[in-house]
Amino acid sequence: MPGLTKCLTQISSALVLWMVHATVIACLDEQSLKSLADKEMQYMLQRIPPAFADAVADQQVSGSMSVTTTQPCQIHWQLQLPAADLAEAHALLQADPAKQIMLAAQGYQVPETTDNQADFSLDAASLQPLHRDTLQTAPLGKLRASVELMYAMLTQARADAVSTPKPWTGADQQALKQTCQQRYHADDMTQACDCYALGLAQKYSYRQVRYNHYLLINPYAFATGNGAAYKQLDKALQATCGLQTLK
């Protein structure tokens, strides 16, 4: 039986080593970490108002994942935000102390630094953060909420910013015309949407159009008072260009 015992011991040791190796791979595989970081960024892009997407498009935002412990699998999320956006958001809050106090009382705050970090536990089976770590009381949930607040404020403020409109690119015009075709009806859609896009481009940059559209479809954001001038122009252009809202 000594031979059998030795064999079972070797099998057991090999199994333990395999389990440890599998755990380490689940936590340390670079491709898995990159995929996890991409998923987190996509989550934020889908949830956070459009000024955030523009900061990402301008390569001013970056994020990366690393492992802190392997058993259980603990992940460190590091998110870099642009200093200019932070300064603008804090200036908006300082100009409205009542809003700053109200948000703080509700547990909301704008990020303080460009380097933002949060640790969370990973469900190795689904490669998703554990639910408890997505709550606003947890570091990851708090970071998500603070970034969302910051870019909601920036989206609202920039929607009404008065400046010389930046010329639209061909891609901008095409994207707006596609949106026009999805939202409206006209006897001649090509001519009507060309008219609509031209009217908006004379007053707003394409990014501002996206910001204002976000305000229009989010009642709470529009209730802040931002976007009123855009809404008036939008209605006027619908009438001038012969557009009717789809039911």
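The values are calculated or read from the model by the stated rules, or taken from the named source; none is laboratory data. Only a predicted model underlies this, so the values are computations on that prediction, with no experimental measurement involved. When we count neighbours, we look across all protein chains shown, and the Cβ atoms used for this are built from the backbone with ideal geometry, even at glycine. With ligands, DNA and RNA removed, areas are computed over all heavy atoms of the protein, side chains included. Shrake-Rupley method; radii C 1.70, N 1.55, O 1.52, S 1.80 Å.
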Region 33-85 - accessible surface per residue (Å², probe 1.4 Å): 47 Å²
Cross-link pairs Lys177/Lys231; Lys39/Lys99; Lys142/Lys177; Lys39/Lys142; Lys99/Lys166; Lys203/Lys247 - those with Cα-Cα distance over 29 Å: Lys39/Lys99; Lys142/Lys177; Lys99/Lys166
Whole-Å semi-axes of the ellipsoid equivalent to the chain (Cα gyration tensor, √5λ, descending): 48, 23, 14
Percent carbon-and-sulfur accessible area, region 120-247, ignoring ligands, DNA and RNA, probe 1.4 Å: 54 percent
MRE, 222 nm, helices only [DSSP H, n ≥ 4, -39500 (n - 2.57), over the chain, to nearest 500]: -20000 deg cm²/dmol
Whole-Å distance, taken between Cα centres, linking region 32-61 and region 193-208: 26 Å
Cut-off 17 Å, label 7 Å out along Cα→Cβ of Gln74, residues of region 113-127 by amide N: 117-124
Gln109-Leu246 FRET efficiency (beta carbon distance; Förster radius 45 Å; 0.05 resolution): 0.65
Tilt relative to the chain, helix 206-217 - C-alpha long axis, 0 to 90 degrees, to 10: 80 degrees
Vicinal HN-Hα couplings computed from phi for region 92-98 (Karplus, 6.51 cos²θ - 1.76 cosθ + 1.60; Hz; Gly/Pro x): 5, 5, 5, 7, 9, x, 4
The chain, relative contact order [Cα under 8 Å, separation at least 6], %: 16 percent
Amide H partners (placed H, <5 Å) of Asp123, local residues excluded: Gln128, Leu130
Extension gain (nm, one decimal) between Ser66 and Lys99, 0.36 nm per residue minus Cα-Cα: 8.3 nm
Linear extension gain, Ala229 paired with Leu216, 0.36 nm per residue minus alpha-carbon span: 3.5 nm
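Once the other residues with Cβ under 14 Å from the Cβ of His131 are scored (Lys, Arg +1; Asp, Glu -1), what is the net sum?
0
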Between helix 2-28 and the chain: long-axis angle, C-alpha atoms, 0 to 90°, nearest 10: 20 degrees
With Cα atoms, 0 to 90° folded angle of helix 189-201 axis to the chain main axis: 90 degrees
Formal net charge of residues neighbouring Cys193 (Cβ-Cβ distance under 15 Å; K, R +1; D, E -1): -3
Probe 1.4 Å, accessible area per residue of region 128-247, Å²: 56 Å²
Zone residues, region 34-70, relative to Ala161, backbone N less than 14 Å from point 7 Å out along Cα-to-Cβ: 50-56, 58
